[in-house]
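Worksheet: the structure to be examined is printed underneath.
The values are calculated or read from the model by the stated rules, or taken from the named source; none is laboratory data. What you see is a predicted model; the values in this text were computed from it and never measured. As a convention, Cβ positions derive from the backbone with ideal geometry for all residues, glycine included, and neighbour counts pool all protein chains shown. The protein model used for the area step is the full one, side chains on, heavy atoms only, and it has no ligands, DNA or RNA in it. Shrake-Rupley method; radii C 1.70, N 1.55, O 1.52, S 1.80 Å.
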Amino acid sequence: MKVPILLPNIFNYPFTYQTDLNLKVGEYVVVPFGKTRMIGVVWNHFEKKKEKNFSLKKIIKKLKITPLNENTIKFLNWFSQYNLVPKGMSLKLHLLSNEAVEEMNDKEFEDYRLIKKGNDYKLSKEQEKSLYELKIKNKGFRVHVLQGTTGSGKTIVYFNSIKDKIDQGYQGLILLPEIGLTSEFEDKFIDFFGFNPAIWHSGISKKKKKVIWNGLTNGKIKVVIGARSALFLPFSKLGIIVVDEEHDQSYKQDEGVIYNARDMAISRASFENIPIDLVSAVPSIETYENIKKKKYSYSRIISRYKNAQLPKHEIIDLNKYKVNNQCWISSKTIEKAKNHLENGDQVLFFINRRGFSPYVFCKNCLKVYSCPHCSINLVYHKNKKKLLCHYCGFTTNLKRTCDRNISGSCKFIFSGPGVEKIFEEVKKFFPNHQSLIFSSDTMNKKKSSIDLKKIINNEIKILIGTQLISKGYHFPNLNCIIVLDIDLSSLGHDLRGAEKNLQLYHQLSGRAGRSGKPAMVYFQTYNLKSDTISKLTNSDPFVFLENELQLRKKNSLPPFERFIALILTSKNEKKLKDESFRLKQYLEKNLNSKILGPINAPIYKIRKNFRYRILIRSKKSDKIQEPLGFILKRFKFSSGMKLTVDVDPISFN
């Protein structure tokens, strides 16, 4: 008997094998491939247009694993077509390092059994109404948006919705944008449900991942809390998906296989015919447009939990209260922070830049420290005493011979602040208060869970944080937030810049005043004429989203048009330029869409590879992925060229 077997590799079709075994679609098998053995899955179609006749190899054995759900197979086929990714690479996302895990001993799943009776939470009227609206159509596929003010208790609402599904024998998936959120979230989950969820992200050991992978195939594990990759796990009876902080751009995987986990989660829910909840304080523009078109249903929770008040806002005029030379915190700001500290409040200084200084140059020869492998400045990390490239990871010491040779070595000037520079200033102005840097460099370490407990217990009084701190953390004593870089963050030419800022500052201000005490957010700024701050601090984000949507419509920008970015990279700069223009001409001849570029990518070189970008614009109804896929397959790329396809790009670097 001939059987189509999809393998986790770069091919876009299943291979045909011979077998005497009685196999069904979705079963996991071991097959010979070249000189090795590989694990594959019995697929739901054969390779189309097979041009050559090969002698067929025999399947070696069938694995003792519950077969992959046929709806998941359909989803993986669709995923490949939509994102222009080979089907084998989609299967690779599903398997565990190209492995499938056979039956395990029941003892392995003891961690995920009921520990205690979960706590019941009394819901407010708004929460009860939202829960009722979530449950109305909870049987088949539907998308429901749960929009609520930060600190309004959205999590408890959707926990109740998931509980219903678990009680009916289904499994649940909760996607979170940051792995740093999982430990605090896990505690909240156990308190409500009374059992451990399976946690899935890049920091989980392979041994534990094997247990989770197998436990989902046999229904022994009920709920997964995970990052993007959890979407491809082998749930045997998935009943509900929740995408928390659905607006967060971390859901976009922008290396390797490129996809948007939020959009793909909606598609998986559609193929599985199950409900999906999108949760956010400030929905993405795409989600807001789908609410307007009545494609998605929605609920709103306006009041904060236990009627805690949202923080008030105040502007600190830097033209009036000047900052001293090489300082970034004004005298007025210091005075405000001292008042809050005296009242027992925690204080957060917010600056969305890692390291000590993003720009280091010599005052004699004026030479800037830049990465030799990327067209980007090196960031000085004083804690590590190193200069670091945030793109390729290149590091070097702060030591260099001066080109003008006035004093032998360069005399460095550190331009622009990062969290480490602000930390130094904080230590100088507030020497008697414990302070901590809260960024991806410090909070993904093993001791970060200890630091989180210290923050919650008010042992750490001052935080200096990047955008990581805005992502769903609950700090009951944080009642003062000082935004130091509002003038910097409103610069730039990012298509989504205004939307990103709205989401960031709503999330950020939502960290303050969560336990009912009056709270303040202070903005240091030179630019008093700008309406940026008033837009960002409007308590109803739908007002901003409506204006932004009209602006996008007027300019035919997403979500009203489809963008597909093609990024060509090569170590040979001249060859790359010629190839990019040749590809553009080929696309213009064969594809009925608007082709923009090619242009040098804003970050022109990464990891020694030069980069050119082409942007394809088309109507959403055109479904151009299929013709584009055929065209790119026919185009003969020169050696040394790499093409990356990014459907619905978020970053244009």
*Using Cα positions and a limit of under 16 Å, work out the lysines in reach of K92, with same-chain residues fewer than 8 apart set aside.*
K74, K206, K209, K210
*Based on the Cα atoms of segment 140-247, what semi-axes does the equivalent ellipsoid have, where each is the square root of 5 times one gyration tensor eigenvalue, given in whole Å with the largest first?*
21, 17, 13
*Value of Rg to Rh for segment 251-314 (Rh from inverse mean 1/r over Cα pairs, i.e. Kirkwood)*: 1.08
*What aspartates and glutamates could a cross-link reach from K252, if we take a straight Cα to Cα line under 20 Å and drop same-chain neighbours fewer than 8 places away?*
E178, D244, D263, D277, E286, E289, D494, E499, E561, D646, D648
*Equivalent-ellipsoid semi-axes of segment 329-373, from the Cα gyration tensor, Å, largest first*: 36, 14, 6
_Report the per residue volume, in Å³, of the convex hull enclosing the C-alpha atoms of segment 526-605._
156
_Report D for segment 358-487 in µm² per second (integer): Stokes-Einstein, Kirkwood Rh on Cα pairs, 25 °C, 0.890 mPa s._
146
_Output the 0 to 90 degree angle, nearest 10, between the alpha-carbon long axis of helix 541-554 and the longest principal axis computed from the alpha carbons of the chain._
60
*Kirkwood hydrodynamic radius over Cα pairs of segment 52-176, then Stokes diffusion coefficient at 20 °C and 1.002 mPa s, in µm²/s*: 112
*Share of carbon and sulfur in the accessible heavy-atom surface of segment 511-603 [1.4 Å probe, %]*: 51
_So I have [x] 0.98; [y] 1.07; [z] 1.02, and one of them is Rg/Rh (Cα atoms, Kirkwood Rh) calculated from this model. Which one is it?_
[x]
*Taking only the alpha-carbon atoms of segment 404-475, what semi-axes of the equivalent ellipsoid follow from 5 times the gyration tensor eigenvalues under a square root, in whole Å, largest first?*
31, 15, 11
*Please state the relative contact order of segment 69-189 as a whole percent: Cα pairs under 8 Å, 6+ residues apart?*
14
*Ranked by accessible surface with a 1.4 Å probe, highest first, in what order do K636, K154 come?*
K636, K154
_Heavy-atom surface of segment 127-276, accessible at 1.4 Å and reported per residue (Å²)_ = 31
*Just check segment 230-388 against the gyration tensor rule for me: Cα atoms, a ≥ b ≥ c as the square roots of the eigenvalues, rounded for a/c under 1.5, and otherwise prolate or oblate depending on whether a/b exceeds b/c.*
oblate
*Please tell me the relative contact order of the chain in percent, rounded to the nearest whole number, where contacts are Cα pairs under 8 Å and at least six residues apart.*
12
_Which of the three applies to segment 1-125, rounded, prolate or oblate, going by the alpha-carbon gyration tensor with a ≥ b ≥ c and a/c under 1.5 meaning rounded?_
prolate
*State the volume of the convex hull built on the alpha-carbon positions of segment 506-653, expressed per residue in Å³ and rounded to an integer.*
189
_Charge dipole of the chain about the Cα centre (unit charges at C-beta), most positive-ward option of Y612, Y28, S639_ = S639
_D (Stokes-Einstein, µm²/s), Kirkwood Cα radius, segment 194-233, 1.002 mPa s at 20 °C_ = 209
*What shape does segment 433-574 have by the C-alpha gyration tensor, where a ≥ b ≥ c are the square roots of the eigenvalues, rounded means a/c under 1.5, and otherwise prolate means a/b greater than b/c and oblate the rest?*
oblate
*Helix 154-167: angle to the longest alpha-carbon principal axis of the chain, degrees 0 to 90, nearest 10?*
20
*Between beta-carbons, use under 12 Å as the cut-off and find the net charge around D540, counting Lys and Arg +1, Asp and Glu -1.*
+1
*Ordering I285, I39 from largest to smallest accessible area (1.4 angstrom probe), what's the sequence?*
I39, I285
